[in-house]
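In what follows, a single structure is set out as structure tokens and then discussed.
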Amino acid sequence: MSGNIPMTPYGLRKLKEELKQLQTVERSKISKEIEVARAHGDLRENAEYHAAKEKQSHIEGRILDLNDWIARAEVIDTSKLKGDAVVFGATVVLLDAETDKTVTYRIVGELEADIKKRWLAVTSPVARALIGKKVGDTAIVRSPGGEREYEIEEVRFEDPPDEDAPSTP
């Protein structure tokens, strides 16, 4: 990825939380693991030491990536968007023309995409087919499994639920 990275405020917050966790908790934890493994003697044949060093390398690489992504983040506040056209940050309710079932997707940045939450990367085939369409329009999604036709039933702009907040019964 080069240039700016579009993301929601929620996505940026999640990246910053992960960065803080890695820098404040994981770094010191892995340093202690390396120290303990180093105390076991000969480093050439010390599997614990090599595993800890590899984990440290992974953590440092992830920290570099997160810093880069945060620096290039182009935050789009979806709560300020409105209208009936599908754009980045929109939550879209679709009717599958073939099955008559509805499905809801949220269009987010690549780093936020999560199919379990039904959050699609803006670069995904479904999102690309939807961008610019309005309520009532039909979108044809071309994928390796063939073409699918969806009718756009609703477009809304909302903040994602705060997963860290305690749920109310």
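Go ahead and run the numbers for FRET between Lys20 and Asp100, Cβ-Cβ distance against an R0 of 35 Å, rounding to 0.05. Working from the Cβ atoms, E equals 0.15.
Once the C-beta distance of Glu151 and Arg27 is scaled by a Förster radius of 45 Å, the resulting FRET efficiency is 0.35 to the nearest 0.05. Applying a DSSP loop filter and a limit of 15 other Cβ atoms within 10 Å to the trypsin sites (Lys or Arg not before Pro) in region 1-99 leaves Arg72, Lys82.
Using the Cβ-Cβ distance between His58 and Arg118 with R0 = 41 Å, the FRET efficiency computed as 1/(1 + (r/R0)^6) comes to roughly 0.90.
Taking the DSSP beta bridges with both ends in region 1-153, the antiparallel portion is around 75 percent. Of the trypsin sites (Lys or Arg not before Pro) found in region 83-147, those in coil by DSSP whose Cβ has at most 13 other Cβ atoms within 10 Å are Lys101, Lys116, Arg118. Think of each Lys and Arg Cβ as +1 and each Asp and Glu Cβ as -1; about the Cα centre, that makes the dipole of region 1-98 roughly 440 debye. Only helical runs count toward this figure. For the chain, summing -39,500 (n - 2.57) over DSSP H runs of n ≥ 4 and dividing by all residues gives -10500 deg cm²/dmol at 222 nm. Rolling a 1.4 Å probe across the protein heavy atoms gives the chain an accessible surface of 62 Å² per residue. Seen against the Cα atoms of the chain and their longest principal axis, helix 47-71 is set at about 40 degrees.
The largest accessible area among Ile140, Ile59 belongs to the first residue in Ile140, Ile59, and the rest follow in falling order (1.4 Å probe, all chains).
The values are calculated or read from the model by the stated rules, or taken from the named source; none is laboratory data. Not measured: the values here are computed from a predicted model. Because the Cβ atoms are built from the backbone with ideal geometry, glycine has one as well, and the counts that use them run over all protein chains shown. Each accessible area value is taken on the protein alone, full model and side chains, heavy atoms only, with ligands, DNA and RNA left out. Shrake-Rupley method; radii C 1.70, N 1.55, O 1.52, S 1.80 Å.
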